[in-house]
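Visitor: Quick one: this structure, given as structure tokens, is what I'll be asking you about.
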Amino acid sequence: MQAPRPKQSSTGIGAILQSAGAGHGQEDSNDVESFILSRDALQQLSKQMPVQHAYADHHIDLFSRFAALDGDTSFEALYRYYLKRIEIDLDPVSGIPSLKVSAYSAEDAYQINEKLLRLAEEMVNKMSARARTETIGFAQAAVDEAQDKVKKTGAALSAFRQKKSLFDPEHQSTAQLAIITKIEESIITTKSQLEQFTTFAPSNPQVPSLKKQLASLQAEMKLQMDKVAGLSASLTTESPEYERLTLEKEFAAKQLQGAVASLEEARIEAARKQLYLERIVEPITPDMAMEPRRSRNIIATLLLGLVAWGVLSMLLASVREHQD
């Protein structure tokens, strides 16, 4: 029975794992190698093409065909057979791994190689996405929390202003004191006029008017003074609460600024550690079978036959001598 010629598709992982700005290429290449030689890779590959059929075709000789002798077609048996047909060589100088696939048809060898590379690329993309999520996730959560705090403190300050009819107690207090100063000046002027009229012309008709004006100014003075200090709803009593809310808002804004800066740094770090699989050599369809090596096998068979014939001849000669 003539065996079909096993063909090899060699492209190495004609690919090298790159990490922008990082020196993890060797370690990450080992991860790719472990994946390709894993049961998971074989399972995913089997979903994309009939791997078992490619190695169990009836055209393959009994000694090379999968499950031809023991009849074990389990996944574990296929996995053990798969490991014998997949080879990953790592160049010690360049550190570039090469993937070699042996199959019994050129197309099968090419397809297995190509699909394994694609599966490896998908795995690397998932690793990269997970690393990016982990790197950026915490920083993004901090930004979201800071933004929420800014909104809450801003809303609290706005509600306080609306409830107390205040915009800025400090500025409003300054304006209020300016009003009080003007009223006080008016009171002094009115008192001076009233004293003059009372002293020199007590019967002057302006005296009652000045007294009424003075009383009005004094009442206004008391009202304005109560607004600034003394009453429970005065500007003075509301100022500490306003300052507390203002400080909380400013602190939240600074926290947000720091969180945004940290997020940007995390994004830069994630981009620096971005992983990708770069194919140095693309898979090609083999045009020449690497096995079986007929000349070597014929010579080896002849030599073994001669050795066996020699040993058998010596045994027969020894037996004859004993019989004689």
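Visitor: Between SER64 and LYS126, what FRET efficiency comes out of the Förster formula 1/(1 + (r/R0)^6) with R0 = 30 Å and r the beta carbon distance, rounded to 0.05? Display every interim value, and only then the final one.
Guide: Numbers: r = 35 Å, r/R0 = 1.18.
Efficiency computed from Cβ-Cβ geometry: 0.25.
Visitor: Say the cut-off is 25 Å between C-alpha atoms; which of LYS182/LYS211; LYS151/LYS273; LYS149/LYS273; LYS47/LYS100; LYS47/LYS273; LYS84/LYS126 go over it?
Guide: Working: LYS182/LYS211 18 Å; LYS151/LYS273 34 Å; LYS149/LYS273 31 Å; LYS47/LYS100 21 Å; LYS47/LYS273 31 Å; LYS84/LYS126 28 Å.
From LYS182/LYS211; LYS151/LYS273; LYS149/LYS273; LYS47/LYS100; LYS47/LYS273; LYS84/LYS126, over 25 Å: LYS151/LYS273; LYS149/LYS273; LYS47/LYS273; LYS84/LYS126.
Visitor: What length, rounded to one decimal in nm, is gained on full extension from GLN206 through to ILE298, with 0.36 nm per residue of separation minus their alpha-carbon distance?
Guide: 18.8 nm
Visitor: What full-extension length gain, to one decimal in nm, is calculated for SER216 and SER192 as 0.36 nm per residue of separation minus the Cα-Cα distance?
Guide: Working: separation 24, 0.36 × 24 = 8.64 nm, distance 1.56 nm.
Contour length minus Cα-Cα distance gives 7.1 nm.
Visitor: Calculate, for LEU247 and ASP40, the FRET efficiency according to 1/(1 + (r/R0)^6) with r their C-beta to C-beta distance and R0 45 Å; round to the nearest 0.05.
Guide: Calculated transfer efficiency: 0.20.
Visitor: For the residues HIS59, HIS322, what sequence is obtained by ranking on other C-beta atoms within 10 Å, fewest first? Kindly include the intermediate steps, with their values, before the conclusion.
Guide: Working: HIS59 11, HIS322 7.
Ordered from fewest to most neighbouring Cβ atoms within 10 Å, HIS59, HIS322 come out as HIS322, HIS59.
Visitor: Next question, about the same structure. With a Förster radius of 30 Å, plug the Cβ-Cβ distance of ASP57 and ILE284 into 1/(1 + (r/R0)^6) and report the FRET value to the nearest 0.05. Can you show the working numbers first?
Guide: Details: r = 22 Å, r/R0 = 0.74.
For ASP57 and ILE284, the calculated efficiency is 0.85.
Rule-based calculations on the coordinates, nothing more; no lab input. Worth saying up front: this structure is predicted, and the values here are computed from it rather than measured. Heads up, the Cβs are rebuilt from the backbone with ideal geometry, glycines too, and the neighbour counts pull from every protein chain shown.
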